Amino acid sequence: MYGNTSFGPQDEAVTLTPEQRKALRRDLSTVASGLREVLPGEFAIGSEITDAASGPQATIAVQPPVGSVVSANYTPEGDEEVRISDEERTDLVHGLAASAALQVKQAMGDGAVPAAQ
């Protein structure tokens with residue numbers, strides 16, 4: 001079979017200019033700040049920009065006090081502007097915060113005693 005064979009044109013890896021990398025880092029920082037506003041301090045929040053074989057990849061991740069890490073990735077493509085829009089940043093904050101809270105709920109199970117009623 002031809003599962004690993006590429007017959008189409010080869011996409012050229014995207015490279016970021018220093019200004020684009022700085023803008024992307026600023027967008028990730030805004031998302032991280034938003035997460036810190038809505039999540040308790042026990043949740044660890046981090047972000048990074050890495051250079052993979054296919055080009056740069058931005059990642060924002062949340063480690064809940066219990067449960068698995070949740071993360072979101074962004075990979076710039078082509079000549080598009082390398083920015084995460086305000087709407088996307090808001091969606092990332094809400095989605096990651098909800099996913100992290102769900103991880104805690106699932107890790108605690110049904111046997112957890114509620115802190116308040």
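What residue, among those in region 41-97 that are hydrophobic (A, V, I, L, M, F, W, C) and open to solvent by 70 Å² or more (accessible area, probe 1.4 Å), is modelled with the lowest pLDDT?
If we filter region 41-97 for residues that are hydrophobic (A, V, I, L, M, F, W, C), which is where we start, we get 43-45, 49, 52-53, 58, 60-62, 66, 69-70, 72, 82, 84, 92-93, 96-97.
From the residues that got through so far, the ones that are open to solvent by 70 Å² or more (accessible area, probe 1.4 Å) too are 53, 69.
Working: 53: 79, 69: 94.
Residue satisfying both the conditions and the ranking: 53.
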* To do: Could you tell me whether residue 36 is among the basic types (Lys, Arg), open to solvent by 70 Å² or more (accessible area, probe 1.4 Å) and either under 24 Å from residue 98 (Cβ atoms) or free of Cβ contacts under 8 Å to residues at least 24 places away in the same chain (or both)?
  => yes
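The values are calculated or read from the model by the stated rules, or taken from the named source; none is laboratory data. The model shown is predicted, which means the values in this text are computed figures rather than measured ones. So basically every Cβ, Gly included, is an ideal-geometry build from the backbone, and we count neighbours across all protein chains shown. Only protein heavy atoms, including side chains, enter the accessible area calculation; ligands, DNA and RNA are left aside. Shrake-Rupley method; radii C 1.70, N 1.55, O 1.52, S 1.80 Å.
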